[in-house]
C-alpha cells in the first residue's frame, strides 16, 4: 500500500470507534489480485476472509465524500461479528467489485448497503454452520463474536480464518438471511470515525488529481470557443517549439500531450486551430420564453394523478396560480475533472472519479472497441460531483490520447473546460394551480412543467470525446429525473402532474444533486405558503393540518421545535423572516423538514442566518455520515438558490469562472442544527439528496416573510431581489 492510516496514531486521544481500512485507490488499482467473482448475486462478490483474520469488503458503490467508507464496514462488521478494524474496503473497481449500479439517487446505503448486509448475514450463517461441524455443537447454540464462531454458553471458539482462510464461500446471496436485532448493535447507529478524514486533513490523501502511474504523460484537450464548432484545420507547427509535445487530432477531437504538464498547458493555448460552424439555439436570457414557446416538443404526459383534478377544480373556493423558473446550473466542482488512462494492445485501465464505474465500463469498452473483459475502471476520489460532471469526459479524453501516443496519459481539465463543457443540470419551467376551499382546505392541485425528456435506452450520459472521434456511442440526452417532486406530499385529494416534454436542451444535460427536486419543491412549498396566507393560517400549522402521516407530522413538529418557530399568519416585512419546507423524498422515502431564517437588506442581499432540520431516513447506519450529508445538501442548495446560474449567448457559455458563476463562500454559511430521527427497526433510506429538496422553497418563503416579496426565479440575486422589492413598493403606493 502506498498509504495506510496508522490505527495506533488515530486512536491516540480519541475515545471514538475507529475504522482502520486500506482504502488507497492507487493500491486498489495496482495491487495484484487473483481472479474473483463480481457477480452481485454471489456472497464472494462482496466478502473475502483472509488467513490473518481480516475481511475484505468489495463495494460497487463508492464513497463520494458521503461517508460510505465508514458505513459499509459498520454494516459488515455488525453482521459478521467481527472487530471493525479488521475490515478492509475496496470500492468501485470493475475487476474486483460487484456491479451494484451507480452511486446515485441516495441508494448507496439503501441498496448497496443492504446488499452488503444480506451478503454478510448469509456469510455469518455459513460460518456458523462450518463452526458447528468443527466444534461438534448445534448451529443454534453458536454465534459469531470477535471474528470467531463461539458457543453462546461460553467456551472456546474457532476463528473465521481457521474456517475459511482465503477460501471462497461459494454461496448465493440470500436477502432473507436473518440479520441481527438492532437492540444488539455494536457498530450500526453509532459514531464511527471516517477513515479518510485524517489523510484529507493533513494533505496525504490521494485524490484523482494527485494520482500517478509510471511513464505517465500529461494531456490537455482543446475545444472550440463556439459551442459545437467543427475543426477546419490544425497547424501543428504552431507548437513545434515546445519540447516533447504531440498533437492528437482524431476527427473533431483535438488534444496535446507532453511529458511536462505545464508544457501541455502552454501547447493547448498556443496550438493554432481554425473552427467552423457551431452555435446555440438561444441565449440563457431568453430561455424561459424559448422553452415555453419555441423549443421542439416531444409530447405531453400526465405522470402522476390522484383523484379527479378537473372535477374538483370546478368547486367553490379561491384559486391561486403561479409560475417558477429554475436555471441551468453546473456542478461547480472546486477541482476541475481529472483522469488517467492507459490504453494499449486491446486492453485498457482507466482511473477516474466516476460514481458509475460499472455503467461506464460497458460504455468505454464500446467506445474504445476493447473487449469488456480487457477493460478496467477504477474509482479514485475526485472533487465531488453528485450527479455527473466532467469526470467521465476527462477519462474519455485521456483514453483517446493514451491510445494515440501509446503511453499512460493524465488529463486535467482547466476551469474554462469544466464550466464550459461539463454536462449541466437543465433548466425547469414550472406552473402551479391550487384551489383552497371556503373551509381552508386544499381540494385541487395541478403542477405543470417544461423539461427535457430522457432518451429511451440511454444508460450512460454521452461523452464529448466519443462524439468528436465518431466512436461507438448512443446519442441522446440524460437530464436525470427532473420531473420528480412536483406532486405535493400533503393530503390533497385531487392532484395531478403534467409534463410538457422537450426533445433537447441548448447545453448537454446531466443529473445534478436531487435532480429536479429543488426547483419542483420550491414551487410546491411556495404555493403552500401562498395557500396558508390565503387561508389566514400560520405556514407551519397549515402544513400540519394537511398531513396525516405520523412520521411526516413528527418530522415537521421536531423541525419547528428545534428552530423555535413562532406562530403567526402574516409576514413581518422588516427584513428578517422565517420560512419552512417539507418533503418525503420520492414520495415514499426519507422525510425532511426545514425551517430557515434570513436577513434581507435594502440592497437586495439575502443572508441565511440559521437553519433547523429534522431528518428521518429510517434506521441510521452512521449518524455522523447522515449529519454531514444533511449539512452538505443544505449548504449546496442554498448556494444553488442564491448564486448559481449558467449563462450563455448564442455562441458559448459565458460563465466560465468563479466571478461569473459564484458559489456559497465560508462567510455565507449559516448556523445549522439537525435533529436526526433514528428508527432502528425501520428500513434504511438514503440521506445523500433528500435534504436538498425543500431548501429553495423554505428560503423563498423566508424572503417573503422578511420583505413581502415572492421570488419565483432562481438565483435570488441582489438585482432581482431589489427590483422585486421596488416593484412591490410601487404597487403598494
**Q.** Residue list for region 148-172, restricted to those being over 42 Å from the mean Cα position of the chain (by Cα) and either free of Cβ contacts under 8 Å to residues at least 12 places away in the same chain or more than 20 Å from residue 50 (Cβ to Cβ) (or both)
**A.** 151, 152, 153, 154, 155, 156
Q: Please identify the pairs in which a residue from region 340-368 that is at positive phi and surrounded by fewer than 24 Cβ atoms within 10 Å (Cβ to Cβ) has its Cβ atom under 7 Å from the Cβ atom of a residue that is part of a helix (DSSP H, G or I) and at pLDDT 95 or above, counting only partners at least 6 apart or on another chain.
A: 346/374
**Q.** Test result for residue 189, surrounded by fewer than 19 Cβ atoms within 10 Å (Cβ to Cβ), part of a loop (DSSP other than H, G, I, E, B), without any contact (Cβ under 8 Å) to a residue 24 or more places away in the chain and out of contact with any strand residue (DSSP E or B) (no Cβ under 9 Å at 6 or more places or on another chain)
**A.** no
Q. Is it the case that some residue within region 542-563 is part of a loop (DSSP other than H, G, I, E, B), within 30 Å of the chain's Cα centre (by Cα), surrounded by 19 or more Cβ atoms within 10 Å (Cβ to Cβ) and without any contact (Cβ under 8 Å) to a residue 60 or more places away in the chain?
A. yes
Q: For residue 595, state whether it is closer than 23 Å to residue 682 by Cα and not assigned by TED's automatic domain parsing to the domain that holds residue 105.
A: no
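Here is a check on your reading of the model: is residue 683 touching a strand residue (DSSP E or B) at 6+ places or on another chain (Cβ under 7 Å) and surrounded by 24 or more Cβ atoms within 10 Å (Cβ to Cβ)?
Details: touching a strand residue (DSSP E or B) at 6+ places or on another chain (Cβ under 7 Å): yes; surrounded by 24 or more Cβ atoms within 10 Å (Cβ to Cβ): no.
The answer is no for residue 683.
Just one of 270, 283 is at pLDDT 95 or above and over 34 Å from the mean Cα position of the chain (by Cα); which is it?
On the way: 283 fails: over 34 Å from the mean Cα position of the chain (by Cα).
Criteria check complete, one pass: 270.
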Q.
For the structure I just gave you, tell me whether residue 116 is crowded, with 23+ Cβ neighbours inside 10 Å and outside any helix (DSSP H, G or I).
A. no
Q) Just checking, how many residues over region 121-145 are under 16 Å from residue 51 (Cα atoms) and loosely packed, with under 13 Cβ neighbours inside 10 Å? A) 0
Q: Give just the number: which of (1) within 30 Å of residue 398 (Cβ to Cβ); (2) in contact with a strand residue (DSSP E or B) (Cβ under 6 Å, 6 or more places away or on another chain); (3) assigned by TED's automatic domain parsing to the domain that holds residue 67 does residue 152 not satisfy?
A: (1)
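For the condition at positive phi and touching a strand residue (DSSP E or B) at 6+ places or on another chain (Cβ under 7 Å), what is the one hit in 420, 480, 457, 440? I'd like the intermediate steps shown before the answer.
Numbers: 420 fails: at positive phi; 457 fails: touching a strand residue (DSSP E or B) at 6+ places or on another chain (Cβ under 7 Å); 440 fails: touching a strand residue (DSSP E or B) at 6+ places or on another chain (Cβ under 7 Å).
The conditions single out 480.
Would it be correct to say that residue 425 is at pLDDT 95 or above, in contact with a strand residue (DSSP E or B) (Cβ under 7 Å, 6 or more places away or on another chain) and within 30 Å of residue 486 (Cα to Cα)?
So residue 425 fits the description; yes.
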Q.
The conditions are (1) part of a helix (DSSP H, G or I); (2) surrounded by fewer than 24 Cβ atoms within 10 Å (Cβ to Cβ), and residue 101 fails exactly one of them. Which is it?
A. (1)
Q: Could you tell me whether residue 91 is touching a strand residue (DSSP E or B) at 6+ places or on another chain (Cβ under 9 Å), in the same structural domain as residue 41 (by TED's automatic domain parsing) and over 26 Å from residue 586 (Cα atoms)?
A: yes
**Q.** Every pair of residues 6+ apart whose Cβ atoms lie under 6 Å, when the first sits in region 379-396 and is farther than 9 Å from residue 338 by Cα while the second is at pLDDT below 95 and part of a helix (DSSP H, G or I)
**A.** 380/25
Q) Somewhere in region 59-74, is a residue farther than 25 Å from residue 511 by Cβ, assigned to a loop (DSSP other than H, G, I, E, B) and not assigned by TED's automatic domain parsing to the domain that holds residue 379? A) no
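The values are calculated or read from the model by the stated rules, or taken from the named source; none is laboratory data. Quick caveat: nothing in here was measured; it's all calculated off a predicted structure. Glycine also receives a Cβ, built like all others from the backbone with ideal geometry; neighbour counts cover every protein chain displayed.
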